[in-house]
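Participant: Here it is: the structure, laid out below.
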Amino acid sequence: MRRLACCCLLLFSGILPAQMLPDWLSARVELVRGQVLACPRERAEGLAVTLKEGRIEGRLARLSLDLTCSRSGGSGAEGESDALSLLLTLPPIDFQVEELTLYLPTGQVSGAAELRHDRQHLEIAWQTGAGEVCLLLQPEQQGWRWQGTVPGAVVLPELAQVLTLSGGWQPGQELRLSADGALPAPLAGHWQLSLAASQGERGWQLLPSSRLRIPRLRWQRLELRDIEARPVGSQPLDGPWRGELAWTGGRWQQQSLPAARLQVEAAGRDSLQGNLELLLNDALRLGGRWRYDEGLAVTVPAQPLPLAGLWQWLSGWQALPVGLEPTAGNLVLSLTAPDLLDGTRPIELGLALQDGRIGYRDMLAEQVAARLQLELRQGSLHTVGANGLTIDSLDIGVPITEIRAAVRLQQGWPWLSGLTARVFDGRLALSPMALTTTPGGEVHFSDISLAQVLSHAAVSGLSGSGRLHGRLPFSFERGFSVTGGRAYSDHGWISYQAGEQLLATGESNLSLGLTLGLLSDLRYDRLEAEISMAADGEAVIDSRLRGQAPVMGRMHPVNFNYHHQENLLQLLASLRFARDISERLPAGLQGESE
């Protein structure tokens, strides 16, 4: 018996290796229940160690470990001052555990497990409902260090990939945890977590030094770079929290995106809903709400952003049309997403421009309004319902009114189609045009009153009649320009009644006198003009008139060609200036100036 007892003592103390014991020796030791007084949740039940045929087998019905217990700081009973001290009291042999429960700072997990001893390390192979957890625990200065792999679903049901983690904890010090893994579908990318937490009077707190980093995130056609999430101040692990998410840049399809910040806070007992605020800059903010139950739902109610401030923000990272500048108005935005993580469910986005006032150089569009309702489906934006653009008046030096157009999304850009307007008692129509940073298209005009055009030009002695038709192909790159414009008119007349000084000159200049005579009453059958204008406003107009004009008191067939070169932008500006002066001067003073 003494020999057997000695062998059992050597066996269970780990001094004598099992392979040195004879095959005929057998023994069994049982422990009904064991508990660490300093940590009430740490206990072992149904412990049995069996020696049979030279093999040692250990079994546990239940084993509970508490990673959050701070122990007694070294003042407790022997062995109780160490973290997870219950593990240290077990014999240094392998154990099969029917139910292993691990208490975490928030919640607990349990399942069947196997404990394997390897010198100063303890390996835990743990079978959970989400898969196998493999942890390597090493005692260190009354605490533990750990590393291993964990199925993502143990942490969050949406995490399908295996996570790698490492960390450590010492009584009275911060708990440190590092982990990394893949983002849950439909997101693509990898994340790295550096977590720091401490236990105080209010329980476990997440510390401000914690960080979640995502080098690159891809979702449908969106990409964000250098994402960093952090808690705002110390946060309770089991209550309301507040955090900030920031990124340095990104891309939507082929469109670059700027840096921005997103502040998120959770409210309520479950901390699965709360408020969010997107900060484009200090002056531009969008607020909304989020909810996480059967998916991540986000709602941004309709709210205005100042158009001038938004344009200035866009100009800091986006190439915008040169010279275009909004001076008034609001852009109203709204968003409804039933589940951002479900790519099959559409996201509704609303954009509305109200009371816009937009200038180009010294031209001005007033009472600009627009509506664009969008839906994001399967990574692509689509226009929903009736969308349009209206402008009450566009002053370019000539009055353009009643501008109306439909708006749709095509090839990633808003497109104008069916645009019409009124000018000089006639109509303008614009071919379908994409509203890119360098738009281009073709304006068609018809039934323009030649009489009103000449009257607006305010050239003394010049009058006429007829209807103008044509087209003006234009582009908007480093300024507005026209190439290959054409105009024509059938069956009209032009009259230029020269002043006395010019008529006197014509009496001594045969060519000038003949020209003035032709222009005094030129009745044309066909008027044609070719028009071009550079981005700086310098324009060239080559005109040809075919018809009849008086020569020696009788009407004769004539062909009249005229080449004109002038800066149209300056001309239009001078017309606006003259009109503005005329509108502001008292009527009596206007008469005196004439």
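The values are calculated or read from the model by the stated rules, or taken from the named source; none is laboratory data. Quick caveat: nothing in here was measured; it's all calculated off a predicted structure. Reconstructed Cβ throughout: ideal geometry from the backbone, glycine too, with neighbour counts over all protein chains shown. Surface areas here come from the heavy atoms of the whole protein model, side chains and all, with no ligands, DNA or RNA. Shrake-Rupley method; radii C 1.70, N 1.55, O 1.52, S 1.80 Å.
Participant: Restricting attention to the stretch 181-194, report how many residues are exposed (fewer than 15 other Cβ atoms within 10 Å of the Cβ) and farther than 16 Å from residue 220 by Cα.
Facilitator: Just the residues of the stretch 181-194 that are exposed (fewer than 15 other Cβ atoms within 10 Å of the Cβ), to begin with: 185-186, 188, 190, 192.
Pick out the ones that are also farther than 16 Å from residue 220 by Cα and you get 192.
Qualifying residue count, the stretch 181-194: 1.
For (1) part of a strand (DSSP E or B); (2) surrounded by 15 or more Cβ atoms within 10 Å (Cβ to Cβ); (3) in contact (Cβ under 8 Å) with a residue 60 or more places away in the chain; (4) not acidic (Asp, Glu), each residue gets a yes or a no:
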position	(1), (2), (3), (4)
405	yes, yes, no, yes
416	yes, yes, no, yes
447	yes, no, no, no
459	no, no, no, yes
468	yes, yes, no, yes
481	yes, yes, no, yes
487	yes, yes, no, yes
493	yes, yes, no, yes
498	no, yes, no, yes
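Participant: Need pairs with beta-carbon distance below 9 Å; first residue at pLDDT 80 or above and within the stretch 42-55, second open to solvent by less than 40 Å² (accessible area, probe 1.4 Å) and among the acidic types (Asp, Glu); sequence gap 6+ or separate chains.
Facilitator: Matching pairs, first to second residue: 42/66.
Participant: Then there is this: Restricting to the stretch 220-271, give me the number of residues that are of a type in the set (A, V, I, L, M, F, W, C), touching a Phe, Trp or Tyr at 6+ places or on another chain (Cβ under 6 Å) and touching a residue at least 24 places away in the same chain (Cβ under 8 Å).
Facilitator: 4
Participant: Could you please find all residues in the stretch 431-444 being open to solvent by 30 Å² or more (accessible area, probe 1.4 Å) and either modelled with pLDDT of 85 or more or over 31 Å from the mean Cα position of the chain (by Cα) (or both)? Spell out the reasoning first.
Facilitator: Start the filter on the stretch 431-444 by keeping residues that are open to solvent by 30 Å² or more (accessible area, probe 1.4 Å), which leaves 431-432, 435-438, 440, 442-444.
Across the stretch 431-444, the qualifying residues are 431, 432, 440, 442, 443, 444.
Participant: Which numbered condition in (1) outside any loop (DSSP other than H, G, I, E, B); (2) open to solvent by 40 Å² or more (accessible area, probe 1.4 Å); (3) at pLDDT 85 or above; (4) under 25 Å from residue 398 (Cβ atoms) is the only one that residue 570 fails?
Facilitator: The failed condition is (3).
Participant: Determine, yes or no, whether residue 260 is surrounded by 16 or more Cβ atoms within 10 Å (Cβ to Cβ), within 30 Å of residue 358 (Cβ to Cβ) and aliphatic (A, V, I, L, M).
Facilitator: Considered against the rule, which asks whether it is surrounded by 16 or more Cβ atoms within 10 Å (Cβ to Cβ), within 30 Å of residue 358 (Cβ to Cβ) and aliphatic (A, V, I, L, M), residue 260 comes out as yes.
Participant: Something else: Anything in the stretch 168-200 that is under 29 Å from residue 121 (Cα atoms), under 32 Å from the mean Cα position of the chain (by Cα) and free of Cβ contacts under 8 Å to residues at least 60 places away in the same chain? List them, or say none.
Facilitator: Once the filter is applied, which keeps residues that are under 29 Å from residue 121 (Cα atoms), under 32 Å from the mean Cα position of the chain (by Cα) and free of Cβ contacts under 8 Å to residues at least 60 places away in the same chain, the stretch 168-200 yields 177, 178, 179, 180, 181, 182, 191, 192, 193, 194, 195, 196.
Participant: Now for a different question. Output the residues belonging to the stretch 346-403 that are part of a strand (DSSP E or B), touching a helix residue (DSSP H, G or I) at 6+ places or on another chain (Cβ under 9 Å) and in contact (Cβ under 8 Å) with a residue 60 or more places away in the chain.
Facilitator: Selection gives 363, 395.
Participant: Can you tell which of 265, 277, 228 is open to solvent by 50 Å² or more (accessible area, probe 1.4 Å), within 20 Å of residue 313 (Cα to Cα) and not aliphatic (A, V, I, L, M)?
Facilitator: Matching residue, one of 265, 277, 228: 277.
Participant: For the stretch 201-212, state whether one or more residues are free of Cβ contacts under 8 Å to residues at least 40 places away in the same chain and either under 24 Å from residue 306 (Cα atoms) or under 24 Å from the mean Cα position of the chain (by Cα) (or both).
Facilitator: There is at least one residue in the stretch 201-212 that is free of Cβ contacts under 8 Å to residues at least 40 places away in the same chain and either under 24 Å from residue 306 (Cα atoms) or under 24 Å from the mean Cα position of the chain (by Cα) (or both).
Participant: Continuing with the same structure: Which one of the conditions (1) in contact with a Pro (Cβ under 8 Å, 6 or more places away or on another chain); (2) open to solvent by less than 30 Å² (accessible area, probe 1.4 Å) does residue 217 fail to meet, given that it meets all the rest?
Facilitator: Every condition holds for residue 217 apart from (1).
Participant: Output yes when any residue across the stretch 539-554 is within 26 Å of residue 488 (Cα to Cα) and either under 45 Å from the mean Cα position of the chain (by Cα) or at pLDDT below 65 (or both), and no when none is.
Facilitator: Yes, because at least one residue in the stretch 539-554 is within 26 Å of residue 488 (Cα to Cα) and either under 45 Å from the mean Cα position of the chain (by Cα) or at pLDDT below 65 (or both).
Participant: Ok, one more. Among the residues in the stretch 320-339, are any closer than 30 Å to residue 185 by Cα and at pLDDT below 90?
Facilitator: No - not one qualifying residue is present in the stretch 320-339.
Participant: Return the total of residues in the stretch 281-339 being more than 29 Å from residue 434 (Cα to Cα), surrounded by fewer than 15 Cβ atoms within 10 Å (Cβ to Cβ) and among the basic types (Lys, Arg).
Facilitator: Going through the stretch 281-339 one residue at a time, the tally reaches 1.
Participant: Report whether or not residue 130 is at pLDDT 70 or above, among the small types (Gly, Ala, Ser) and touching a helix residue (DSSP H, G or I) at 6+ places or on another chain (Cβ under 8 Å). Steps first, please.
Facilitator: Numbers: at pLDDT 70 or above: yes; among the small types (Gly, Ala, Ser): yes; touching a helix residue (DSSP H, G or I) at 6+ places or on another chain (Cβ under 8 Å): yes.
It is true that residue 130 is at pLDDT 70 or above, among the small types (Gly, Ala, Ser) and touching a helix residue (DSSP H, G or I) at 6+ places or on another chain (Cβ under 8 Å).
Participant: Just wondering, is there one or more residues in the stretch 152-161 that are assigned to a strand (DSSP E or B) and open to solvent by 20 Å² or more (accessible area, probe 1.4 Å)? Show your work before the answer.
Facilitator: Restricting attention to the stretch 152-161, the residues satisfying the condition of being assigned to a strand (DSSP E or B) are none.
There is no residue in the stretch 152-161 that is assigned to a strand (DSSP E or B) and open to solvent by 20 Å² or more (accessible area, probe 1.4 Å).
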